[in-house]
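Below you'll find the structure, written out as structure tokens, and then a few comments.
Read-outs throughout are calculated quantities, based only on the coordinates presented, and are distinct from any laboratory measurement. Source: prediction; values computed, not measured. Because the Cβ atoms are built from the backbone with ideal geometry, glycine has one as well, and the counts that use them run over all protein chains shown.
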Amino acid sequence: MNVTTWILQVLEVLAAVAAAPLFLGWVNQCRAWLQNRRAPSVLQPYRNIRKLFHKDAVIANNASPLFRLAPYIVFGTMVTAAAIIPSLGTRLPFTRAADAIALVGLLATARVFVSLAAMDIGTAFGTLGARREMMVGFLAEPALLMVIFVASLISATTALPDISERLATQALGLYPSLAFTAVAFTMVLLAENARIPVDNPSTHLELTMIHEALLLEYSARHLALMEWAAALKLFNYACIGFALFVPWGAAMQQTPLALAAAAPALILKLVIAGAGLAFIETISAKLRVFRAPEFLATAFLFAVLGLLVHLLLGA
Amino acid sequence: MSLPFDLQILNALAALLLLVSFAMLSQRRIVTLVNLLAFQGALLCAATLLLAWRTRDNHLYVSAGLTLALKVIVLPWLLHRLIKRLDVYWDTESLLNVAGTMLIGLLIVVFSFGLAQPISALASTATRSSIGIAVAVVLLAFFMMITRRKATSQVVGFLSMENGLFFGAMSATYGMPMIVEFGVALDVLVAMLVLGVFFFQIREQFDSLDLQHLEALREDR
């Protein structure tokens with residue numbers, strides 16, 4: 001536990017925070033390409049955030065302090081989560097701060113504050129969005145926990161860095177249980193990050209939106225933080241997925257050199273995952289809101305099937 | 001993992017069989033249901049071939065060929081033809097509460113894994129751990145027959161149940177005796193043909209394939 005490792009830890013978190021909008025931009029660009037549109041630049045999310053930071057914030061008269069505080073809390077939780085998730089190295093000091101279950105709780109905290117802030121002003125759309133967000137959340141969370149339990153059963157620990165290391169070092173083989181849980185995790189990722197089968201991130205159609213409805217009352221720096229937090233959430237989920245299902249390439253030492261060597265692997269994984277995400281979004285249609293529980297029940301089913309198959313076949 | 005690679009593939013195929021059963025349970029479209037049945041047959045055929053190669057048991061090759069011919073080609077083809085002629089090709093079936101059905105399905109899987117545990121302990125085959133999956137496939141198909149109302153999907157459930165039984169026999173004892181397998185194959189084929197005739201009769205009587213109509217006893221026709 002010396003100074004270098006902490007400096008590395010801080011650098012890793014800063015890199016995650018800085019790279020998150022880039023990942024979002026990459027997903028958007030891939031999506032535009034697949035849909036035969038002219039793609040916006042990968043840097044577009046940065047420009048949006050910069051533009052929003054330069055504007056003056058407008059806040060409703062009846063907004064409580066919670067409304068002003070929520071963006072900072074949400075952004076803070078996402079940064080903390082980025083520190084806990086072993087994206088670059090599994091031996092960084094902060095990755096041990098919380099295990100995977102606490103991480104799910106941390107993500108739930110962010111969701112609660114987003115929803116509370118959306119209901120704070122008392123407009124119809126905010127409340128509607130908050131309710132839908134909570135509905136999606138309470139169905140996605142058990143599925144996510146089940147996914148983590150399967151990985152925990154295989155590696156006999158709930159600490160995310162340890163899970164990642166065990167899975168990376170075990171003998172290669174066919175693991176039907178991990179394949180099922182990977183599908184379940186992808187579905188949870190799509191639902192939690194307001195991607196297409198559940199929510200359309202680029203719509204302003206009142207009847208279908210979830211993510212946009214939550215942020216409707218925010219402007220300027222608050223909105224910028226919320227959007228940045230959303231980008232960071234997508235990045236975090238992708239990194240949880242890498243830690244569980246493609247753990248190869250992450251550094252297992254604390255040296256700067258090992259971490260620098262892990263960076264290209266992470267970038268490669270992110271590029272592929274972003275393209276895959278865009279592909280899934282392009283081939284699937286947006287579900288009606290009332291079909292979302294069915295979608296998430298399927299995710300839960302996949303995760304539990306993974307668990308049962310692991311218990312029966314030991315694979 | 002210490003298992004040899006071919007057993008790993010067999011386990012993966014078994015897991016996929018279970019997944020297909022769930023897909024059938026939640027599928028609304030009849031033509032997709034038939035395609036899923038064909039896919040289940042194909043998985044079964046692949047598993048049989050792999051097991052035949054592993055055990056060097058020649059009669060398993062024959063039953064793999066039988067599975068391919070009957071369950072992947074003939075029966076789905078018959079079903080496709082049937083639903084085309086019945087004019088229900090693109091029909092969908094309203095399902096009650098898919099999420100609830102899935103959860104009950106999961107309970108069924110847990111139950112059948114428990115049920116199969118003593119059988120697996122007694123069996124000496126390399127594939128004994130997948131007996132639980134075979135039992136689950138049978139019970140899930142049974143459950144599907146209970147939840148469906150249309151005659152066509154009930155028949156698909158019946159055929160899927162047969163697939164499960166076949167897989168169970170394969171993983172517990174490396175397949176049934178040849179003569180029994182031929183007998184069962186013939187039975188299924190004949191049952192399919194007879195049920196096909198039944199479909200037309202049911203529809204002529206009630207103008208629909210909904211089996212709820214069969215439950216009411218009416219003398220005043």
**Convex hull (Cα only) mean projected area of region A:3-313, reported in nm² to one decimal** = 16.0
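Please label the shape of region B:104-221 as rounded, prolate or oblate, based on the square roots a ≥ b ≥ c of the eigenvalues of the alpha-carbon gyration tensor (a/c under 1.5 means rounded; beyond that, a/b larger than b/c means prolate, else oblate).
On the way: a/c = 3.90, a/b = 1.83, b/c = 2.13.
Cα axes put region B:104-221 in the oblate bin.
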**Asked** Which of B:40, B:118, B:100 sits closest to the plus end of the dipole of chain B, meaning its Cα is farthest towards the positive end, when Lys and Arg get +1 and Asp and Glu get -1 on the C-beta?
**Response** B:40
**Asked** If eta is 1.002 mPa s and T is 20 °C, what Stokes-Einstein diffusion coefficient results for region A:89-158, Kirkwood Rh from Cα pairs, in µm²/s?
**Response** 154
**Asked** Given labels modelled 7 Å from the Cα in the Cβ direction, how far is it in nm from residue A:170 to residue B:142?
**Response** 3.3
**Asked** Along the positive direction of the dipole of region B:127-203 (beta-carbon charges: Lys, Arg +1; Asp, Glu -1; about the Cα centre), which of B:143, B:193, B:174 reaches farthest?
**Response** B:143
**Item:** Farthest positive-ward along region A:100-209 dipole, Cα basis, beta-carbon charges - from A:134, A:116, A:187
**Value:** A:187
**Complete:** In chain B, whole DSSP H helices that both stretch 27 Å or further along their axis by alpha carbon positions and average at least 0.5 on the Kyte-Doolittle scale are B:5-26, B:30-55, B:98-122, B:151-173, B:178-206
**Complete:** Checked region A:236-302 against the a/c 1.5 cut and the a/b vs b/c comparison, axes a ≥ b ≥ c from its Cα gyration tensor; verdict prolate
**Spatial extent of region A:17-158: Rg and Dmax, with the Cα atoms as the point set, Å** = 18.2, 53
**Message:** If I model a spin label as a point 7 Å beyond the Cα along the Cα-Cβ vector, how far apart are those points for residue A:272 and residue B:35 in nm?
**Reply:** 2.8
**Request:** Just need the relative contact order of chain B here, percent rounded to a whole number, with Cα pairs under 8 Å and 6+ apart.
**Result:** 23
**Message:** Tell me the net charge near residue A:83. Cut-off is 15 Å between Cβ atoms, residue A:83 excluded, with +1 for each Lys or Arg and -1 for each Asp or Glu.
**Reply:** +1
**Asked** Using Cα atoms only, what is the angle between the long axis of helix A:292-313 and the major principal axis of chain A, expressed in degrees (0 to 90) to the nearest 10?
**Response** 10
**Prompt:** Could you give the nm distance between label points at residue B:77 and residue A:265, where each point is 7 Å from its Cα heading toward the beta carbon?
**Reply:** 5.1
**Request:** Considering Cα pairs under 8 angstrom that are at least six residues apart, work out the relative contact order of region A:3-313 and quote it in whole percent.
**Result:** 31
**Request:** Search the structure for amide H atoms under 5 Å from the amide H of residue A:89, placed 1.01 Å from N in the peptide plane, and list their residues when 5 or more places away or on another chain.
**Result:** A:251
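At a Förster radius of 25 Å, what calculated FRET efficiency corresponds to the Cβ-Cβ distance of residue B:94 and residue B:197, to the nearest 0.05?
Step by step, r from the Cβ atoms, then E = 0.40.
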**Message:** I'd like the orientation of helix A:3-34 relative to chain A: the angle between its Cα long axis and the longest Cα principal axis, in ° from 0 to 90, rounded to 10.
**Reply:** 60
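Over 27 Å between Cα atoms: which of A:51/A:286; A:51/A:233; A:51/A:269; A:55/A:269; A:286/B:71; A:233/A:269 fall into that group?
A:51/A:286; A:51/A:269; A:55/A:269; A:286/B:71
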**Asked** Which residues in region A:212-231 place their backbone N less than 20 Å from a point set 7 Å from the Cα of residue A:127 along the Cα-to-Cβ direction?
**Response** A:212-218
**Fill in**
Taking R0 as 25 Å and r as the Cβ-Cβ distance between residue A:101 and residue A:282, the FRET efficiency 1/(1 + (r/R0)^6), rounded to the nearest 0.05, comes to 0.15
**Item:** Translational diffusion of region B:12-87, µm² s⁻¹ [Kirkwood Rh, Cα pairs; Stokes-Einstein; 10 °C; 1.306 mPa s]
**Value:** 121
**Quarter of the Cα convex hull surface for chain B, i.e. its orientation-mean projected area (nm²)** = 13.3
**Request:** Could you work out how far helix A:256-283 tilts from the main Cα principal axis of chain A, as a 0 to 90 degree angle to the nearest 10?
**Result:** 60
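In peptide A:300-313, how many Cβ atoms from other protein chains are near each Cβ within 10 Å, on average?
Taking the mean over all residues of the peptide, I get 6.
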**Message:** Need one number: the % of Cα-Cα pairs in the protein assembly as shown sitting beyond the 36 Å mark.
**Reply:** 43
**Fill in**
Quick note, region A:201-315: a/c under 1.5 would make it rounded; otherwise a/b > b/c is prolate and the rest oblate (a ≥ b ≥ c, C-alpha gyration tensor); here it is oblate
